[in-house]
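The structure under discussion appears below in the form of structure tokens.
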Amino acid sequence: METTTKTSQTTSSNGVEKGCSAIKPQYLTSKEKFHELVESGWKGGKKDTNEATGPVEVKTEEPEEKRIKLDNKVQQEEDKQNKKRIRGQNKSRPHKKPQSYDDRRLCPSIIQERETKCVYGDKCKFFHNITDYMASKPADLEEKCYLYDTFGKCNYGVTCRFAKAHTGPDFKNLVNEEVFTASKERTPVKNHLDKDLQWRLRKRQVPFNATEAYLKTISKGKAQGNNKNTDAAEKEPADSCCPGEAQNQPTELDSTANVKDTEVSDKRVGALTDVDLVKLRPCEKKQVDFNDKLYLAPLTTCGNLPFRRVCKRFGADITCGEMAMCTNLLQGQTSEWALLKRHESEDLFGVQLEGCFPDTMTRCAELLNDNIDVDFVDINSGCPIDLVFKKGGGCGLMMRTNKFEQIVRGMNLVLDVPLTVKIRTGVQEKTNIAHKLIPELKKWGASLITLHGRSREQRYTKSADWDYIDTCSKLASPIPLFGNGDILSWEDAMKARETGVSGLMVARGALIKPWIFTEIKEKRHWDITSSERLDVLRDFTHFGMEHWGSDTQGLEKTRTFLLEWLSFLCRYIPVGLLERVPQKINERPPFYMGRDYLESLMASHYVEDWVKISELLLGPVPKNFSFLPKHKANAYK
């Protein structure tokens, strides 16, 4: 492993630059020849069996971070000046809402075939004439509709881009009664935001009894001049049923919370039960076996529900929703609650919360505990972005231990499921502080700690420090600690498992190749073909239509998230092309030609080529379509 890394970091006899993956000489090419062949559709070269649909109007320059760094002082000076600018996100990227691609949007009363007329009448902003709408509607893409074949009915009716499969001559929506009846018995997606709950959240009419009782103990401790607030609570009673119970369950708080819960229960309709009156002790909470699992990291933007379903098929054991802002959840924002949705295939699922204050985080934990179905709740104290860090959230929590303690203790108190924490090695590059926090997190009641082996300042530009992760895993015992960073092959995973970690979290590795979970479990390299990779993308588009819709708006939203994923997927180098395996995560691929046209197209770092791939699955892009990926890949720097 060490020899491989050393060899790849020097200029080879084949002319491969520093930091590039080693590819067999017969596949290497220049940037100009690569794009010339891709744009020509492989004409004059190898035989093409996967012809693209032709050029599109989108023209986007190649991202700066993908260009090979020249070995001279002038270039190095320019890189230093541009380093700050290219880091992080494309904040000024073009953004167009998917619904804007619809020239005319049909009224929901027509789509759902309601018997009553539209309640808005002439004031309705949507279109009501089906015949005129069908004349202006974009052409259908295929003769089959995935939603109709799966569920027996497509809820998007005539607006579906596959409407021919399930509409009659009079534009009436058809129903396959046998399939529809069977699908009604299952609930494929859970954790929807109830409209009544949303209204009560916006009117601030949702009670948070346990949270209010906990916040009183904090304020009482401050009044007494005690910043830790929990000295009395940490005295463990002699008849405790499990070690550390008193640390997680303050006695004074129990009595207050139970009285309040009883008062609320007395007003309910129906018989009182033990659940109404008795607060769970830590040892009675739901137990989750985290040991020796593969954990798909909560990935912002790309870690959506359709992508998690793809990873579950390839063997991911634990999945987690994208990072959700606790304040937005408490306000009942539909877009934020959508991040909490759980598919039936996700058997071990959690949600990740971001916040910086004990009151909002504890209220949010109590809200989710009462209204959604999850196996654990994770606190994000590792997010490096400025928007979160400057407010004191994400990595900022690691430097605010008093607030951090109050958040962990409060959330652990109101939750009936395990509370987990994700952290980094620290904030500054050469100042690790995780080893100081881990013993405290054990006292505060965390059930699992995930450690990303880089600091905030490092982001992804340096290799993860697995020696430090090993040290921290010993400090965390007996609480499980998961390691995260630079896992792109089963060899990387095996080397990581030689440390004392209880399991592995996979993040960028899953974006670059989601079949990494299969490779790790079967301990092999999968030389996956381009057609197999296209089938994976096709599954994603099917799951996307199921999640976001099969009308124009849903299709374009699916396309947007597909393109975001392709901005990572293009970094994968097929195993059969490598001079030596495995591919390293921080080595960029040089320009190379694949074994067929589609494999070469998937290797392109141009946005217009990603759009071509999306057109193979979702049809031509609309007029004035533009796309620029959210994340900048400075991992190769």
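The values are calculated or read from the model by the stated rules, or taken from the named source; none is laboratory data. In this text, all values refer to a predicted model and were calculated from it rather than measured experimentally. Don't worry about glycine lacking a Cβ; one is built from the backbone with ideal geometry, like all the others, and counts go over all protein chains shown. We work out accessible area using only protein heavy atoms, side chains counted, and drop any ligands, DNA or RNA first. Shrake-Rupley method; radii C 1.70, N 1.55, O 1.52, S 1.80 Å.
Would you confirm, using the coordinates I've provided, whether residue 580 is in contact with a helix residue (DSSP H, G or I) (Cβ under 7 Å, 6 or more places away or on another chain) and surrounded by fewer than 18 Cβ atoms within 10 Å (Cβ to Cβ)?
It is true that residue 580 is in contact with a helix residue (DSSP H, G or I) (Cβ under 7 Å, 6 or more places away or on another chain) and surrounded by fewer than 18 Cβ atoms within 10 Å (Cβ to Cβ).
Going through 457, 429, 491 one at a time, which residue ends up being more than 30 Å from residue 208 (Cα to Cα), touching a Pro at 6+ places or on another chain (Cβ under 6 Å), among the acidic types (Asp, Glu) and surrounded by fewer than 20 Cβ atoms within 10 Å (Cβ to Cβ)?
491
Just the residues that are not in a helix (DSSP H, G or I) and not hydroxyl-bearing (Ser, Thr, Tyr), please, taken from the range 546-561.
Result: 549, 551.
Identify, from the list 389, 376, 314, the residue that is modelled with pLDDT of 95 or more, over 24 Å from residue 286 (Cβ atoms) and of a type in the set (Phe, Trp, Tyr). Can you show your working first?
Working: 389 fails: modelled with pLDDT of 95 or more; 376 fails: over 24 Å from residue 286 (Cβ atoms).
None of the others qualify; the one that does is 314.
Of the conditions (1) at pLDDT below 95; (2) closer than 30 Å to residue 348 by Cα; (3) surrounded by fewer than 15 Cβ atoms within 10 Å (Cβ to Cβ), residue 196 clears all except one; give me its number.
(1)
When you check residue 494 against the structure, is it without any contact (Cβ under 8 Å) to a residue 40 or more places away in the chain, touching a helix residue (DSSP H, G or I) at 6+ places or on another chain (Cβ under 9 Å) and hydrophobic (A, V, I, L, M, F, W, C), yes or no? Full working, then the answer.
Values: without any contact (Cβ under 8 Å) to a residue 40 or more places away in the chain: yes; touching a helix residue (DSSP H, G or I) at 6+ places or on another chain (Cβ under 9 Å): yes; hydrophobic (A, V, I, L, M, F, W, C): yes.
Judged against the criteria, residue 494 is a match.
Taking only the range 497-545 into account, find how many residues are within 22 Å of residue 485 (Cβ to Cβ), open to solvent by 50 Å² or more (accessible area, probe 1.4 Å) and either among the polar types (S, T, N, Q) or part of a helix (DSSP H, G or I) (or both).
2
Hey, among 397, 441, which residue is of a type outside the set (D, E, K, R) and farther than 25 Å from residue 291 by Cβ? Working first, answer last.
Numbers: 441 fails: farther than 25 Å from residue 291 by Cβ.
Result of the check over 397, 441: 397.
Go through (1) modelled with pLDDT of 95 or more; (2) over 19 Å from the mean Cα position of the chain (by Cα); (3) open to solvent by 10 Å² or more (accessible area, probe 1.4 Å) and name the single condition residue 614 misses.
(3)
Give all pairs with beta carbons closer than 6 Å in which a residue from the range 524-544 that is within 18 Å of residue 594 (Cα to Cα) meets a residue that is open to solvent by less than 10 Å² (accessible area, probe 1.4 Å) and of a type outside the set (Ser, Thr, Tyr); count only pairs at least 6 apart in sequence or on separate chains.
That search, which allows pairs on different chains as well, returns 526/515; 526/519; 530/598; 530/599.
Would you check which residues across the range 306-334 are open to solvent by 10 Å² or more (accessible area, probe 1.4 Å), farther than 19 Å from residue 196 by Cα and assigned to a loop (DSSP other than H, G, I, E, B) and list them?
Kept after step one, since they are open to solvent by 10 Å² or more (accessible area, probe 1.4 Å), are these residues of the range 306-334: 309, 312-315, 317, 322-323, 325, 327-328, 330-331, 333-334.
In the following step, the residues that additionally are farther than 19 Å from residue 196 by Cα were identified as 309, 312-315, 317, 322-323, 325.
Answer for the range 306-334, where residues must be open to solvent by 10 Å² or more (accessible area, probe 1.4 Å), farther than 19 Å from residue 196 by Cα and assigned to a loop (DSSP other than H, G, I, E, B): 314, 315, 317, 322, 323.
So, in the range 617-637, of the ones that are among the small types (Gly, Ala, Ser) and closer than 30 Å to residue 161 by Cβ, which residue ends up farthest from the chain's Cα centre (by Cα)?
So the residue we want is 619.
Select from the range 555-564 the residues that are under 14 Å from residue 304 (Cα atoms), open to solvent by less than 10 Å² (accessible area, probe 1.4 Å) and touching a helix residue (DSSP H, G or I) at 6+ places or on another chain (Cβ under 6 Å) and list them in ascending order.
558, 559, 562, 563
Anything in the range 106-118 that is in contact (Cβ under 8 Å) with a residue 24 or more places away in the chain and in a loop (DSSP other than H, G, I, E, B)? List them, or say none.
Once the filter is applied, which keeps residues that are in contact (Cβ under 8 Å) with a residue 24 or more places away in the chain and in a loop (DSSP other than H, G, I, E, B), the range 106-118 yields 112, 113.
Working only within the range 460-483, note down all residues that are outside any loop (DSSP other than H, G, I, E, B) and either free of Cβ contacts under 8 Å to residues at least 40 places away in the same chain or open to solvent by less than 10 Å² (accessible area, probe 1.4 Å) (or both).
466, 467, 469, 470, 471, 472, 473, 474, 476, 481, 482, 483
Given the options 161, 186, name the one that is in a loop (DSSP other than H, G, I, E, B) and either aliphatic (A, V, I, L, M) or under 22 Å from residue 338 (Cα atoms) (or both).
Details: 161 fails: either aliphatic (A, V, I, L, M) or under 22 Å from residue 338 (Cα atoms) (or both).
From the options 161, 186, the qualifying one is 186.
Among what's in the range 331-376 and is aromatic (Phe, Trp, Tyr) and out of contact with any Pro (no Cβ under 8 Å at 6 or more places or on another chain), pick the residue that is nearest to residue 417 (Cα to Cα).
349
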